[in-house]
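Q: Pasting in a structure now, in C-alpha cells, and then I'll have a few things to ask.
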Amino acid sequence: MKATFVFSIFIMFMLVETSLYGATFKGKVIDADTKEPIEGAVVVATWHEEQATVTGSTSRLKDVKETLTNKNGEWVIEGPKGREMGNITSIFTVLTGTYITNPPQFIVFKPGYCSWPAGFGIDACKDKIRPEGNDKVAEGKTVELPKLTNREDRVRGLPHPIDFDGDPKELYKKQRDFIRLINEEERNLGLKEFPILKELEK
C-alpha cells in the first residue's frame, strides 16, 4: 500500500515536472487589412504558477519575457511549456504544497493598431483581429492586427504593463520595449506616460 502511494506521488511529480521543460514559441504578426508584416510590434509572454488548496486555487506571477517582431513580422520567445491544472496535478499540489507552471499568456501590441487580446473588446477590432484564442498564438498562428484611426478606440485599446503586488521595478526591466511602445502611444494620444521607463533608461 505504501509503495503504491509513493509510486503515485512519483508519477504526479513527473507530470508536474514536464511543465518546466523549455519550449520555443514563435509566430508572425501582420496587418489585418493589407496582410503585410508588422515590424517592431512587441510580443509579451507571461507565466503564472498555480497551486490547488482545499479552499480553491491560488496563482502568482512567475516570469515575463518580451521580444520585437522583425522585418518579416516574425517573433520567437523561449520559456516553459507549462500545463493546465488537472485532477492529478491538483491532488499533487494539495499534497505537496507546490505550484505548477501554467502555459504562457500572450499580449501583442503596436501603436496605432488593435492590441491582442484587448482589441476583442473594441467594436472596430472584433471582426478583424485574429486568432481568437491564446492557445492559437502559442501554437504559432499568425496574429492579425487591424489599424485604429479613432482616438477613443486607441485609448480603450491601450494595454498596461504586467504588474504585481509590491515593487514592480525588477519586473518592468523585463518589459522595457512593451513600456516604451505604450509610452509612445500615450504621447501620440496626448496622455500621461509611464514615468518608470525614464527611470529605467538612466
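The values are calculated or read from the model by the stated rules, or taken from the named source; none is laboratory data. Keep in mind it's a predicted model, so treat the numbers as computed, not measured. Here Cβ is always computed from backbone atoms with ideal geometry, including for glycine, and neighbour counts include all displayed protein chains.
Q: Please determine, by comparing only the residues of region 115-154 that are more than 14 Å from the chain's Cα centre (by Cα) and of a type in the set (Lys, Arg), which one is farthest from Pro103 (Cα to Cα).
A: In this case the residue turns out to be Arg151.
Q: Can you go through Gly112, Gly97, Gly121 and tell me which one is exposed (fewer than 15 other Cβ atoms within 10 Å of the Cβ) and modelled with pLDDT of 95 or more?
A: One residue alone meets the criteria, Gly112.
Q: Also, I was wondering about something else. Within region 68-82, how many residues turn out to be in a loop (DSSP other than H, G, I, E, B), under 18 Å from Arg176 (Cβ atoms) and in contact with a strand residue (DSSP E or B) (Cβ under 6 Å, 6 or more places away or on another chain)?
A: Qualifying residue count for the region: 1.
Q: Also: Would you please list the contacts, defined by Cβ atoms under 7 Å and residues six or more apart or on different chains, that run from a residue in region 152-170 that is closer than 24 Å to Asn188 by Cβ and surrounded by 14 or more Cβ atoms within 10 Å (Cβ to Cβ) to a residue that is of a type in the set (A, V, I, L, M) and at pLDDT below 90?
A: Pairs found: Ile162/Leu171.
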